[in-house]
1. Just the Cα atoms of segment 84-144, one point each, no solvent: what log10 I(q)/I(0) does Debye give at q = 0.13, 0.16, 0.20 Å⁻¹?
2. Estimate the FRET efficiency between I169 and A42 by the formula 1/(1 + (r/R0)^6), using the beta-carbon distance for r and 25 Å for R0, to the nearest 0.05.
3. May I ask you to rank M35, M19 by accessible area, largest first, using a 1.4 Å probe over the protein chains only?
4. What percentages make up the Cα-Cα pair-distance distribution of segment 24-164 when the bins are 5 Å wide from 0?
5. Under unit Cβ charges (Lys, Arg +1; Asp, Glu -1), what dipole magnitude, rounded to 20 debye, does segment 13-144 have relative to its Cα centre?
6. What GluC sites (Glu not before Pro) does segment 131-172 have in DSSP loop regions with at most 16 other beta carbons within 10 Å?
7. Can you give the accessible area of D15, probe radius 1.4 Å, in Å² rounded to 10?
8. Could you tell me the calculated FRET efficiency between K58 and D100, based on Cβ-Cβ distance and R0 = 30 angstrom, to the nearest 0.05?
Amino acid sequence: MHRPAPDAVISDPDDHTVMDARGAVRSIQGADVTMPEGELEAIWTPLYLERLARTYWKYLSRVSLGLIRVEYTPTERRVVLLRSPFVLLRFRAPEYEITDGRGIVRWRIKDGVLVAKDEQGYLEIDVRRTDAEKPGYERAHVEVEVANFYPAIASGLSRWLYENTQSRIHVIVTHAFLRGLARLNLSESKVGRYASVADLPEPIRARDKAEKTPAESATPA
């Protein structure tokens, strides 16, 4: 496991959540992680991108005191209340992209009790390397985004109820996850398959108009 950087600090997470006239939600929470020069380079690998994804799911279970759990299959991630068959959200297996300056892990939404429109939207963690103002340090801007998601609570009951239950819980979980990144104590991936960029499958773009099915080989996290 990578040794946590003692001087890593994180800015206060921000939050931007909107719902359009069609009922589609876009929610983005982001924060900057600043650390000594070289620390970010040491963990800028697909393996740590997998571990970042795994850490997000662990925070979901932790904040809910274990009531909400994540089940893994080769092709899906299921967010369940205690256990199946109470599937709140079902995602397709993650897709990964990584370059010298950006790393992305993305789960496309499939269905679930909390979903009004199946096969619409995605959850994504986007990490960008940026310059730090402090000499000898470097910075990563981390964003967690939910896009084009149609919540069943808002469409079937009320928008107010969604904003004060599911949406609020999502923001709490994401802010806890972002603040926890200052420790750089990332959970081990379920599989840990991608040791290098060459191991990654061909990326699938989230914003392509044509819907594509992600490769089943992209199964960690």
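1. Evaluating at q = 0.13, 0.16, 0.20 Å⁻¹ gives log10 I(q)/I(0) of -0.49, -0.63, -0.78.
2. Computed FRET efficiency for I169 and A42 comes out at 0.15.
3. Largest accessible area first, the residues go M19, M35.
4. Result, from short to long distances: 2, 9, 16, 20, 19, 13, 9, 6, 4, 1, 0 percent.
5. Details: 21 positive and 22 negative charges, 168 e Å.
In total the dipole reaches around 800 debye.
6. Details: sites: E133, E138, E143, E145, E163; in loops: E133.
Those satisfying the criteria are E133.
7. 70 Å²
8. On the way: r = 28 Å, r/R0 = 0.93.
Efficiency, from the Cβ-Cβ distance: 0.60.
The values are calculated or read from the model by the stated rules, or taken from the named source; none is laboratory data. Because the structure is a prediction, the values reported are computed rather than measured. Because the Cβ atoms are built from the backbone with ideal geometry, glycine has one as well, and the counts that use them run over all protein chains shown. For accessibility, only protein heavy atoms count, side chains too; no ligands or nucleic acids. Shrake-Rupley method; radii C 1.70, N 1.55, O 1.52, S 1.80 Å.
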